[in-house]
Each structure stands twice: as C-alpha cells, then as structure tokens.
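The values are calculated or read from the model by the stated rules, or taken from the named source; none is laboratory data. Please read these numbers as outputs of a predicted model, since none were measured by experiment. Note: ideal-geometry Cβ built from the backbone for every residue, glycine included; neighbour counts use all protein chains shown.
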Amino acid sequence: MKTTGCIILLAVVAMAFAFPAAVLSAEKSTLKAGIPDEWAPWKDPNNPNVIILQDDKDKFFERRERPGIQSERRAS
Amino acid sequence: MNPQRYKFGELLAGFPTFLGAPMAFTTEDLKAGKVDVALVGISIGDQPVPGGNFGANKMRALTDWLAFPAGGTNNMIGVDYGKLTIADYGNVGWNFFAQNQRNVEEVHRVVAEILAADTIPIGVGGTHVQTYGFQTALAQKYGPGTFVTLHIDAHYDTYMYGFGRFVHNGSFLKVAIEKGLINGSDLIQVGLRGEYPDNASLQWMREQKIKSHYMAAIEKKGWNAVLKEILKELKGRKVHISWDMDGMDPAAAPAVGTQDPDGLSAAQGLQLLRAVGIQNEIIAAEFNEYNPLLDDAHTTTGILMDRLIRSLLAGVQARKEGITDPLYYDPERLDHVQ
C-alpha cells in the first residue's frame with residue numbers, strides 16, 4: 001500500500017510538471033494568414049481567446065416534453 | 001525530391017507518397033519545381049465514426065501495385081497525366097485538442113501556400129469540414145463568388161442547425177453561402193439521397209438557388225442526361241471540387257462513416273471527374289471522408305479514391321493538350337481496329 005501511495009504521489013507531481021496550470025492569454029494568435037475575421041463567425045475580434053457559440057448551443061440536449069412525440073426534423 | 005529508387009516505376013519500391021509523387025514542402029519548392037498539382041494530406045476528423053484522420057497516410061500506402069508513380073495512361077482518353085508535374089505537399093496538421101474551426105484555419109493557411117505558387121491544391125483524406133478552409137483560401141485568391149463548388153455527396157451539408165458551432169461537417173456549405181464565399185447558384189450538388197434534407201432545409205436551398213442533382217433525378221432521367229445538365233451548368237466556370245466518398249455507392253466505396261446505399265457507381269464518378277477536368281479550369285479539389293479503419297484488406301475504397309484523383313488529373317492534362325469535348329474517348333480504345 002505504501003509503495004502504491006508513493007507511486008501515485010510521484011505520478012501526481014510528474015503530471016503537475018508536465019501539465020502546469022493553464023495560463024489564459026488575451027493576445028491574438030501569432031500565426032499569420034488565417035481565415036479573415038469576416039468569414040470566421042466563430043471569432044470575436046475583441047476577444048481573440050474566445051470562440052463564439054451559436055444561440056442553438058443547447059438544442060442538441062433538449063428533452064422531449066413527453067415520450068413519443070415526433071422529433072422536430074421528422075415533423076417538418 | 002523524388003522518393004522512387006528505380007526508373008521502371010514500382011509503387012512499392014520507394015518511400016510512400018501520394019501517387020508515388022515527388023515531395024515539396026513550401027511555396028518556394030512548388031515555384032522552383034513548376035508544380036502543376038500539389039496533393040496535400042488532411043488529417044482533420046469531424047465524423048461520428050472516427051478514422052478519417054488516418055485517410056491521408058493510408059492513401060500513401062494502399063494495397064495497390066497496378067499504378068505508376070505520378071503518371072500513367074488513362075485508357076478512356078489515351079492521355080498520359082504523368083506529363084503534369086505532381087507533388088506530395090505533406091499533411092496539414094490537426095490539433096486534436098482544439099475545436100475544429102481552429103483546424104479549418106490551418107487548412108486555409110496550407111491551401112493558401114499552394115495557391116500562392118499558382119499550383120492546383122488537391123486535398124486527400126480528412127473530413128468534409130475542411131472544405132470551408134479551401135473555400136476561404138480560394139475566395140481570397142480569386143475573389144468571393146467567382147468560382148463554382150461541385151459537391152459530390154450523399155448528404156446536402158447545408159444543415160440548418162449548428163448546435164453551437166457555425167462550421168461543422170454538415171453545415172459548412174450553408175455558412176459558405178451566408179458569408180458570400182460562393183453564390184447559392186454556384187453550388188452544384190450530385191448524388192443526394194437518403195433521409196435528408198428535411199423540408200425546412202429544402203426550402204432554404206431553393207431560396208438560395210442551389211443546383212442539386214439528387215439520385216432521384218439520375219434514376220428517373222438516366223446518368224447521361226444528368227451528366228450533360230451538370231456540364232452545361234459548369235461550362236466556362238472556375239471549378240472547385242469537393243468530393244465526399246460517401247457520394248459513391250457503398251458497394252464501390254464501403255469505407256466511409258456515413259454510408260447511404262444507392263450512390264454513384266465507380267464508372268459515373270470516374271467519368272464525371274474526367275469530363276469536368278477536360279471542360280473546366282480546375283482551381284482546387286478535395287477527396288474526403290475516407291475512413292481506412294473501415295476499409296477491406298485490399299483497400300477498395302482507397303484505391304477507388306486514388307483512381308478518382310488520377311481520372312481528374314487525366315482530364316486536366318487532356319485540356320492542356322487541346323481536347324475540348326468532355327465526353328471524348330480515344331478512338332484507339334473504342335474498337336479493336338487491326
């Protein structure tokens with residue numbers, strides 16, 4: 001048990017070095033010549049570290065009100 | 001740099017590259033080598049059944065020894081496409097930690113590098129979302145709304161819903177039209193079938209004047225009639241080809257993650273590419289959605305994709321040689337004239 005505990009502790013310490021806590025950067029990407037902003041609706045020019053999501057982001061996991069009704073696609 | 005050790009040309013004797021072609025890594029390489037066509041591997045994955053990521057590298061190592069490195073005579077039109085200068089441009093990176101819209105940006109960058117050398121980029125492997133990166137790079141070079149996207153697919157890919165994401169495997173063409181990269185009337189689709197589109201999407205597609213050639217039309221009118229309609233719609237235009245392997249019948253191309261029975265035959269696919277290559281200026285092409293993890297031991301789907309690319313190249317070379325009839329056949333190969 002003691003050996004196992006030591007191994008786990010060592011692994012945790014190693015992981016901490018391998019994957020240090022994320023540092024959020026507010027800088028724009030340094031890579032050149034990407035897709036221009038006007039053709040990239042997922043980009044926010046004022047917040048270069050953010051990827052914008054569409055308003056229907058939760059639609060995929062919406063529940064039916066009661067079992068047995070047709071899905072929206074089928075009903076159309 | 002030529003990866004082939006022997007002059008005779010045997011695909012299994014050199015380092016594996018697309019079609020056994022020499023390698024190039026930069027725009028300067030392409031310019032120095034006066035490369036006509038750069039085959040670029042795409043490893044981006046966006047499918048419900050994973051595996052398209054491995055398509056590009058598998059295409060360099062098919063279970064295939066009946067083709068010559070970067071050349072050969074097309075036995076429909078008697079043209080040697082080895083007269084084109086063809087290069088393998090390596091793969092576009094795929095950051096599998098990242099959201100795929102960021103990966104599409106890298107597709108854009110690498111395609112733009114190839115276009116900067118006035119070389120035709122041909123994407124090999126990956127998944128259909130990459131088309132958006134091709135379209136943005138093409139719109140940047142040629143101008144938005146100046147080219148046609150010929151889209152071969154079982155599915156319409158102008159899905160109304162993004163589920164949070166703007167550009168994904170089923171919505172990229174809708175965003176491309178909304179952003180003006182292509183006009184709706186400049187999207188020509190072939191092979192649509194299955195359970196989609198729904199009525200709401202169909203209405204939107206009609207409003208955009210998208211030209212969709214369903215399998216229903218091919219069944220009703222016959223392939224030859226539909227092929228002539230497609231060629232008429234394409235005439236005189238710059239063409240970007242976006243070829244989803246699930247547009248083919250699963251009997252010919254089983255190794256896709258989204259099979260739909262009753263697609264294009266191998267003969268119809270090969271003829272369409274040859275004909276468009278002869279008739280039109282090809283500015284880019286991509287062949288995607290090949291999932292080698294689902295292929296058989298003889299890499300049947302991979303070999304078909306290889307031959308589709310070779311058929312397009314034969315058409316491109318035929319056009320260079322002055323052949324103008326997209327339905328041209330080599331008379332020497334139509335009859336056993338003694």
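The condition of being at positive phi and assigned to a helix (DSSP H, G or I) holds for only one of B:Leu12, B:Leu19, that being B:Leu19. When region B:45-60 is filtered for residues that are at pLDDT below 95 and either outside any helix (DSSP H, G or I) or among the hydroxyl-bearing types (Ser, Thr, Tyr) (or both), the ones remaining, listed by number, are B:Gly45, B:Asp46, B:Gln47, B:Pro48, B:Val49, B:Pro50, B:Gly51. For region B:5-38, taking the residues that are acidic (Asp, Glu) and out of contact with any Pro (no Cβ under 9 Å at 6 or more places or on another chain), the one that is nearest to B:Thr63 (Cα to Cα) is identified as B:Asp36.
Selection of region B:189-202 for residues being without any contact (Cβ under 8 Å) to a residue 60 or more places away in the chain, surrounded by 21 or more Cβ atoms within 10 Å (Cβ to Cβ) and either among the aliphatic types (A, V, I, L, M) or within 12 Å of chain A (Cβ to nearest Cβ) (or both) yields B:Leu192, B:Pro197. On the stretch given as region B:252-270, residues that are small (Gly, Ala, Ser) and either assigned to a helix (DSSP H, G or I) or without any contact (Cβ under 8 Å) to a residue 12 or more places away in the chain (or both) total 3.
Across region B:120-143, the qualifying residues are those that are surrounded by fewer than 24 Cβ atoms within 10 Å (Cβ to Cβ) and in contact with a Lys or Arg (Cβ under 9 Å, 6 or more places away or on another chain), and the one among them that is farthest from the other protein chains (Cβ to nearest Cβ) is B:Tyr142.
Within region A:29-42, residues that are more than 7 Å from chain B (Cβ to nearest Cβ) sit with their Cβ atoms under 7 Å from residues that are of a type in the set (D, E, K, R), at 6+ positions apart or across chains, in these pairs: A:Asp37/A:Lys43. Against the condition more than 18 Å from the chain's Cα centre (by Cα) and at pLDDT 95 or above, how does B:Gln140 come out, does it pass? Answer is yes for this residue.
From the list B:Asp260, B:Asp306, B:Asp325, B:Asp335, the one residue that fits, being of a type outside the set (S, T, N, Q) and at pLDDT below 95, is B:Asp335. With respect to the stated conditions, B:Val92 fails to be within 24 Å of B:Leu192 (Cβ to Cβ), of a type in the set (Val, Ile, Thr) and crowded, with 22+ Cβ neighbours inside 10 Å. Evaluate region B:153-166: report whether one residue or more is part of a strand (DSSP E or B), more than 14 Å from chain A (Cβ to nearest Cβ) and either touching a strand residue (DSSP E or B) at 6+ places or on another chain (Cβ under 6 Å) or among the hydrophobic types (A, V, I, L, M, F, W, C) (or both). So far as region B:153-166 goes, no, none of its residues is part of a strand (DSSP E or B), more than 14 Å from chain A (Cβ to nearest Cβ) and either touching a strand residue (DSSP E or B) at 6+ places or on another chain (Cβ under 6 Å) or among the hydrophobic types (A, V, I, L, M, F, W, C) (or both).
A quick yes/no check of all residues on (1) of a type in the set (Val, Ile, Thr); (2) within 10 Å of B:Ile42 (Cβ to Cβ); (3) in contact with an Asp or Glu (Cβ under 6 Å, 6 or more places away or on another chain):
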position: B:Leu66; (1), (2), (3): no, no, no
position: B:Thr73; (1), (2), (3): yes, no, yes
position: B:His108; (1), (2), (3): no, no, no
position: B:Ile122; (1), (2), (3): yes, no, no
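Looking at B:Leu181, B:Leu150, just one residue is under 26 Å from B:Asn103 (Cα atoms), away from chain A (no Cβ under 14 Å), among the aliphatic types (A, V, I, L, M) and surrounded by 18 or more Cβ atoms within 10 Å (Cβ to Cβ), and that residue is B:Leu150. Picking from residues in region B:80-105 that are touching a helix residue (DSSP H, G or I) at 6+ places or on another chain (Cβ under 9 Å) and without any contact (Cβ under 8 Å) to a residue 40 or more places away in the chain, the one that is nearest to the other protein chains (Cβ to nearest Cβ) is B:Glu105.
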